[in-house]
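This report concerns only the one structure given below.
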Amino acid sequence: FEQRKKNSEPQIAALKQQLAELEKDVDQKVFAEYQKLRGQNIYPVIVPLEGNNCGGCRMDLSIGEIGKIESQGYAVCENCHRIIYKG
């Protein structure tokens, strides 16, 4: 195990570097919300809008929340706290 772990370290470091580069392109407010939800072990964190429902918990969203998704591209579900995007 230790030998395999040691052999994988360069690949892991390269992937972490690539991930850090990609994070720069993500809206920091959305990324902070994403990290918070990941820390709470909520999966999936990001779900699509399905009709007028959250793609995670299936709750009906208010007209205001749907409008928020339309205008800024995402909203946070008031019920399950997942990030909802328009698919």
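The values are calculated or read from the model by the stated rules, or taken from the named source; none is laboratory data. Worth saying up front: this structure is predicted, and the values here are computed from it rather than measured. With ideal geometry, Cβ positions are generated from the backbone for all residues, glycine too; neighbour counts draw on all protein chains shown. Only protein heavy atoms, including side chains, enter the accessible area calculation; ligands, DNA and RNA are left aside. Shrake-Rupley method; radii C 1.70, N 1.55, O 1.52, S 1.80 Å.
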Legend entry - Checking Leu37 against (1) at pLDDT below 95; (2) open to solvent by 40 Å² or more (accessible area, probe 1.4 Å); (3) assigned to a helix (DSSP H, G or I), the condition it does not meet: (2)
Inset, instruction - With the checklist (1) farther than 24 Å from Leu19 by Cα; (2) at pLDDT below 95; (3) not in a loop (DSSP other than H, G, I, E, B) in hand, flag the one item Glu78 doesn't pass. - result: (3)
Legend entry - Unmet criterion (only one of (1) part of a loop (DSSP other than H, G, I, E, B); (2) surrounded by fewer than 15 Cβ atoms within 10 Å (Cβ to Cβ)) for Leu15: (1)
Inset, instruction - Could you please let me know if Gln28 is under 14 Å from the mean Cα position of the chain (by Cα) and either of a type in the set (S, T, N, Q) or open to solvent by 90 Å² or more (accessible area, probe 1.4 Å) (or both)? - result: yes
Inset, instruction - Only residues that are farther than 15 Å from Glu33 by Cα and either buried (at least 17 other Cβ atoms within 10 Å of the Cβ) or among the charged types (D, E, K, R) (or both): list them for region 70-79, please. - result: Glu70
Legend entry - Test for Glu65: is it within 14 Å of the chain's Cα centre (by Cα) and open to solvent by less than 60 Å² (accessible area, probe 1.4 Å): no
